[in-house]
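The values are calculated or read from the model by the stated rules, or taken from the named source; none is laboratory data. As the structure is a prediction and not an experimental result, all values here were calculated from the model. Methodologically, a virtual Cβ is constructed for each residue, glycine included, from the backbone with ideal geometry; neighbour enumeration extends over all protein chains shown.
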Amino acid sequence: MNPGETLGIVGESGSGKSMTALSILNLVPEPGRISGGKILFKNRDVVTMTSGDLLEYRGGDVAMIFQDPMTSLNPVLRVGFQIEEAMRAHSRFDKRQAKARVIPLLERVRIPSPKQRARDFPFQFSGGMRQRAMIAMGLANEPSLLIADEPTTALDVTVQAQILELLKELNRELGTAIILISHNVAVISSLCTRVMVMYAGRVVESGPTRQVFDHPEHPYTWSLLRSVPRVDERRHERLISIQGMPPDLARLPTGCTFHPRCQFKVERCLREEPPLVEVAADQEARCWVLMRNVSKESQAVRT
Amino acid sequence: MKQQLEIVPSQRVGPLVSVTDVYKHFPTGGGFGRGAVVKAVDGVTFEIAAGETLGLVGESGCGKSTLGRVIMQLQPATAGSIKFEGRELTKMRGNELRQVRQRMQIIFQDPYASLNPRMAIGDIVAEPLKNFGLGNKREREKRVQQVMKVVGLNPNFTNRYPHEFSGGQRQRIGIARALVLTPSLIVADEPISALDVSIQAQIVNLLEDLQTEYKLTYLFIAHDLSVVRHVSDRVAVMYLGKIVEVANSREVYDNPLHPYTKVLLSSIPYTDPVLEARRKPILLKGEIPSPINPPKGCRFHTRCPIAQFPICGEVEPPLEKKADGHVAACHFPGKL
């Protein structure tokens, strides 16, 4: 990921998108662990970082916001104090600076009358305002990366629109890179220039959002895009439903993990797992077949 | 899917459901009439024609679920009339109401919370039959297996318990339970919003198939406007206890007349990145007002981008016909 970039990670529950995000923070919950690989942040490996460095890195270089802001805010502390605390936990701002930054941060995330609101408790905030407060807290130490895990899933559409606009604005004006995790392809399309599609713990396709959504090559991406009704649909088309269920991660199918649900599989998919290979400029997919090789007629067979 | 269920389609010519000026107020605290009143549903009128799907959309707290439950008579209406198959429900009591309930069923959002974890799914699905004393044990078993097949569940799984099933399958169990009697109306309250994306499509397709097969009428309650557009013949939009617009679903999306509908539509991101880049969301100011003390005049005036004063702040706009089959409650329809 490049500085200032916006990346979307899309997948269903259990596809590993949240674990990917937690790994970036080296926060994989016990008994899980990062069993292999490297996570480089500005050329430093997060996996082997000392716990002291990790404390500065988490919340300092990389901040994360979650789906339900109520569970991430302390209910008995004033919102302003919690934002200040986020800065005090790190060494970028001294006590005075931290205090002085609270109100401008609340203003930055467009919380009305920030001075009074800083003295409120989380329960006095609406869902949308809590998420704004979380974003303010995330931005407090001027991180270069903000990870947002389903930040709008619990919110109403009009509030979702406000939060998405806010994230776009912050990315544009502060240059904060954003990883947005969502099961909603339209939300990804709204914010992210690049997208990564995950299935059963692996990336099955990635590339520029526009390209991937216009010309998905992996059958999972293809069906996912067609399984959601579109608000701009001109005539009633039956939705493509992906048969079956996501696999049990403890007992993954052989070969391509998507093959039991794939309507375009060939014999090879049952035996051999396809590698993630470049299928177009900048676009990678993990599939032996690729949608470009599937005739229009077989694509039209609705399931 | 043919042979199995003999659901009697409603032979009615008129509307299957007529809701006229229905109110549902909840007293809060205080006691002895001193407490405040939450006006969850505050004067709502609409009809559902036999065989159609009426989508009911709105944001959380707008009263859409309460309205669904009031129509089902799971909660009594505070005032107003609800007619189902031509008969007034609000005056019915005891056995009479029980009999009518065979013809109206509800599907809930959370398939984890709405199934008793200690009952085998065969018993869950058979319970409505038992409740109404229909058939003997053998007949009931047969019927349960039929219905399970219809909703795409393995009929040999009747002895299993809810925890053995995935979310999508549990929702199918909930649908089987609703279908096992012979309903003409099914109220589906956010039936897919707790499910994974790829499973949502399975349930939407199942509900559509069942409707075609058994001429069911749906009241489809959801916050997701794209799903509502997809399944509904007509759409009703609710804001703060009131219906602000009703029209056929194409019309609502192509030509929204109420500014709130327009705001809702502009808020939904498109999957297509090209269209999405062109979308200009209309962002609402402020928070949704409390249903305890809704704004005077038009309820939306405090957040409406085109409100004009004094009229919008003082005169409540009636829900009236603005075009063929298109009603809206706004002083300046189509101006946003």
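Tabulated data for the structure shown
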read-out: Residue in the stretch A:223-237 that is within 12 Å of chain B (Cβ to nearest Cβ), in contact with a strand residue (DSSP E or B) (Cβ under 9 Å, 6 or more places away or on another chain), farther than 24 Å from B:Leu153 by Cβ and in a helix (DSSP H, G or I) present; value: yes
read-out: Any chance B:Leu195 is at pLDDT 95 or above, touching a helix residue (DSSP H, G or I) at 6+ places or on another chain (Cβ under 9 Å), of a type in the set (A, V, I, L, M) and surrounded by 21 or more Cβ atoms within 10 Å (Cβ to Cβ); value: no
read-out: Residue that is surrounded by the most Cβ atoms within 10 Å (Cβ to Cβ), among those in the stretch A:135-191 that are among the β-branched types (Val, Ile, Thr) and touching a Cys at 6+ places or on another chain (Cβ under 9 Å); value: A:Ile179
read-out: Every residue from the stretch A:208-222 that is within 8 Å of chain B (Cβ to nearest Cβ) and not in a helix (DSSP H, G or I); value: none
read-out: Among residues of the stretch B:302-322, those that are in a loop (DSSP other than H, G, I, E, B) and not hydrophobic (A, V, I, L, M, F, W, C), counted; value: 8
read-out: Residue pairs meeting the criteria (Cβ under 6 Å; at least 6 apart or on separate chains; first within 15 Å of B:Ser18 (Cβ to Cβ), in the stretch B:42-59; second assigned to a loop (DSSP other than H, G, I, E, B) and among the hydroxyl-bearing types (Ser, Thr, Tyr)); value: B:Ala50/B:Ser10
read-out: Residue in the stretch A:17-49 that is surrounded by the most Cβ atoms within 10 Å (Cβ to Cβ), counting only those that are in a loop (DSSP other than H, G, I, E, B) and charged (D, E, K, R); value: A:Arg33
read-out: Given (1) within 13 Å of another protein chain (Cβ to nearest Cβ); (2) farther than 30 Å from B:Val237 by Cα, number of the condition A:Glu205 does not satisfy; value: (1)
read-out: Checklist (1) assigned to a helix (DSSP H, G or I); (2) without any contact (Cβ under 8 Å) to a residue 60 or more places away in the chain applied to A:Arg92, failing item; value: (1)
read-out: Flag for A:Glu173 being in a loop (DSSP other than H, G, I, E, B) and more than 14 Å from chain B (Cβ to nearest Cβ); value: no
read-out: Given (1) without any contact (Cβ under 8 Å) to a residue 40 or more places away in the chain; (2) within 12 Å of another protein chain (Cβ to nearest Cβ); (3) more than 24 Å from B:Ser184 (Cα to Cα), number of the condition B:Pro289 does not satisfy; value: (1)
read-out: Matching helices (runs of 4 or more DSSP H) fully within the stretch B:161-273 where at least 1 residues are of a type in the set (Phe, Trp, Tyr), closer than 21 Å to A:Arg226 by Cβ and within 11 Å of chain A (Cβ to nearest Cβ); value: B:249-254
read-out: Within the stretch B:1-118, strands (runs of 3 or more DSSP E) holding 3 or more residues that are within 17 Å of the chain's Cα centre (by Cα), among the β-branched types (Val, Ile, Thr) and modelled with pLDDT of 95 or more; value: B:15-28, B:36-49
read-out: Odd one out for A:Arg78 among (1) in contact with a Gly (Cβ under 8 Å, 6 or more places away or on another chain); (2) surrounded by fewer than 18 Cβ atoms within 10 Å (Cβ to Cβ); (3) over 22 Å from A:Gly4 (Cα atoms); value: (1)
read-out: Odd one out for A:Asn43 among (1) touching a residue at least 24 places away in the same chain (Cβ under 8 Å); (2) on the phi > 0 side of the Ramachandran plot; value: (1)
read-out: Per-region count, the stretch B:294-335, residues among the β-branched types (Val, Ile, Thr) and touching a His at 6+ places or on another chain (Cβ under 9 Å); value: 2
read-out: From A:Gly14, A:Gly4, A:Gly52, residue being away from chain B (no Cβ under 14 Å) and part of a loop (DSSP other than H, G, I, E, B); value: A:Gly4
read-out: Condition check for A:Arg130: surrounded by fewer than 19 Cβ atoms within 10 Å (Cβ to Cβ) and either within 14 Å of another protein chain (Cβ to nearest Cβ) or within 21 Å of B:Arg303 (Cβ to Cβ) (or both); value: no
read-out: Per-region count, the stretch A:108-129, residues among the hydrophobic types (A, V, I, L, M, F, W, C) and in a helix (DSSP H, G or I); value: 2
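Every residue, every condition in (1) touching a residue at least 24 places away in the same chain (Cβ under 8 Å); (2) acidic (Asp, Glu); (3) exposed (fewer than 12 other Cβ atoms within 10 Å of the Cβ), yes or no:
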{"residue": "B:Glu85", "(1), (2), (3)": "yes, yes, no"}
{"residue": "B:Thr90", "(1), (2), (3)": "no, no, no"}
{"residue": "B:Arg93", "(1), (2), (3)": "no, no, yes"}
{"residue": "B:Gln105", "(1), (2), (3)": "yes, no, no"}
{"residue": "B:Phe108", "(1), (2), (3)": "yes, no, no"}
{"residue": "B:Tyr112", "(1), (2), (3)": "yes, no, no"}
{"residue": "B:Arg118", "(1), (2), (3)": "yes, no, yes"}
{"residue": "B:Ile121", "(1), (2), (3)": "yes, no, no"}
